[in-house]
Ligand code: XLS
Ligand code: CA
Ligand code: CA
């Protein structure tokens, strides 16, 4: 599967630590065994259809700056087919195993429901053909329930039940296509599932609608026999001011309330974590603690900007902290590292798309090697274990069955005076920096 667009860009391959070419991997060596598993299986990299292949480089002040051959002309069937080919060709040239899409990314868009469904079905058939030709796999599919004006007041949470039904139509088709294409996961991101002002919003009703919608999706997943994971992607704001899926902890409470906490996991995006005032690794650790860690959207925000800049990850240090939590969570199962990131508006060359992805793949691979080395070294984890060791000794065991009054009496009877102990954060940070 090749298009002329990329000419002599790639294929990108592992070229060893002393490689001189820009488009070669120094760290990412897909067959290298790390902690007993091939790097490719640890990381399960995916290219997303939307940022690199649909976004034309526009912003709120200006038109698109990218002159992409597959964006030429109207959004018709021919342009959509060219875009799908380019996506597969690019992903193959990067030697990455997976891709991800929203329904509208890969099809000729249409306003009417019958045309929309027909165009999507045609596009899904073509994806099946492309997967067969290239061996590329689908990490996840999703439906875009936020761009069309009908969704301006939400999809599942819309005050108008007709919009709720429209969203059901899109999700039914996208979920069934994901199943047919052998997708490993299905994602729901609630971009418009939130509100701007309580003056026009019945929050309790909207949350119930969202809970019902998600239950319907889970029910349908079982009805069609889809064995992939349903993932919710938390984000606190943008486009709506308050989004119901604000962060991992909020999503977990929501899942529990609607009885879905064993059915649905989370897709954690780095920049969404930081927008919520958390670190990326905090969100991964929270999901692991609740047993709902699913997948990763790898990107970064801008420390001086308060919005979703979706830049490619470029800090090995930050990624190492996240990777440690991924490994501690037992690693990825159905999930992967999807690059939900876009090049800057001035990066207009097709080569820039390659540099962005290659750099990000290298950062994640390098972080994996560092995190694995930290785990193999063992000192960091040993310190943590030792910190809680009291719970395993005689006193710790003795208090496990006691009620509050018995505990209080015991503390008084033994005149407990626990000695303060250092948390040794600076020593731990120094230890980390040695890797
Ligand atoms: C937007 C989200 C979106 C989801 C999929 O901020 O990141 O792209 O990943 O709908
Ligand atoms: Ca995302
Ligand atoms: Ca984003």
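The values are calculated or read from the model by the stated rules, or taken from the named source; none is laboratory data. In this text, all values refer to a predicted model and were calculated from it rather than measured experimentally. All Cβ positions, even for glycine, are placed from backbone atoms using ideal geometry, and neighbour counts span all protein chains on display.
A quick yes/no check of all residues on (1) in a helix (DSSP H, G or I); (2) crowded, with 20+ Cβ neighbours inside 10 Å; (3) at pLDDT 95 or above; (4) away from ligand 1 (no atom under 15 Å from the Cβ):
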| residue | (1), (2), (3), (4) |
| --- | --- |
| 171 | yes, yes, yes, no |
| 175 | yes, yes, yes, no |
| 178 | yes, yes, yes, no |
| 183 | no, yes, yes, no |
| 187 | no, yes, yes, no |
| 190 | no, yes, yes, no |
| 199 | yes, no, yes, yes |
| 204 | yes, no, yes, yes |
| 208 | yes, no, yes, yes |
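If the condition is being loosely packed, with under 14 Cβ neighbours inside 10 Å and over 17 Å from residue 166 (Cβ atoms), then region 210-223 contributes 219, 222, 223.
In region 62-71, is there at least one residue being touching a helix residue (DSSP H, G or I) at 6+ places or on another chain (Cβ under 9 Å), crowded, with 22+ Cβ neighbours inside 10 Å and not in a strand (DSSP E or B)? No, there is no match, as no residue in region 62-71 is touching a helix residue (DSSP H, G or I) at 6+ places or on another chain (Cβ under 9 Å), crowded, with 22+ Cβ neighbours inside 10 Å and not in a strand (DSSP E or B).
Test residue 229 against the criterion of being closer than 27 Å to residue 367 by Cβ, under 14 Å from the mean Cα position of the chain (by Cα), more than 14 Å from ligand 3 (Cβ to nearest atom) and buried (at least 16 other Cβ atoms within 10 Å of the Cβ), and give yes or no.
On the way: closer than 27 Å to residue 367 by Cβ: yes; under 14 Å from the mean Cα position of the chain (by Cα): yes; more than 14 Å from ligand 3 (Cβ to nearest atom): yes; buried (at least 16 other Cβ atoms within 10 Å of the Cβ): yes.
The answer is yes for residue 229.
Annotation: residue 306 fulfils all but one of (1) at pLDDT below 95; (2) on the phi > 0 side of the Ramachandran plot; the unmet one is (2).
Taken across region 147-166, residues that are in contact (Cβ under 8 Å) with a residue 12 or more places away in the chain, within 16 Å of ligand 3 (Cβ to nearest atom) and surrounded by fewer than 18 Cβ atoms within 10 Å (Cβ to Cβ) do occur, with at least one present.
Filter region 30-46 down to the residues that are in contact with a helix residue (DSSP H, G or I) (Cβ under 6 Å, 6 or more places away or on another chain) and either free of Cβ contacts under 8 Å to residues at least 12 places away in the same chain or in a loop (DSSP other than H, G, I, E, B) (or both), then identify the one that is nearest to residue 339 (Cα to Cα). So, considering only residues that are in contact with a helix residue (DSSP H, G or I) (Cβ under 6 Å, 6 or more places away or on another chain) and either free of Cβ contacts under 8 Å to residues at least 12 places away in the same chain or in a loop (DSSP other than H, G, I, E, B) (or both), the one nearest to residue 339 (Cα to Cα) is 30. Among the residues of region 323-334, just one is under 13 Å from the mean Cα position of the chain (by Cα) and closer than 23 Å to residue 236 by Cβ, namely 326. Among all residues of region 262-280, there is at least one that is under 16 Å from residue 142 (Cβ atoms), touching a residue at least 12 places away in the same chain (Cβ under 8 Å) and either assigned to a loop (DSSP other than H, G, I, E, B) or away from ligand 1 (no atom under 14 Å from the Cβ) (or both). Do the conditions hold for residue 124, that is, is it free of Cβ contacts under 8 Å to residues at least 24 places away in the same chain and part of a helix (DSSP H, G or I)? No: the conditions fail for residue 124.
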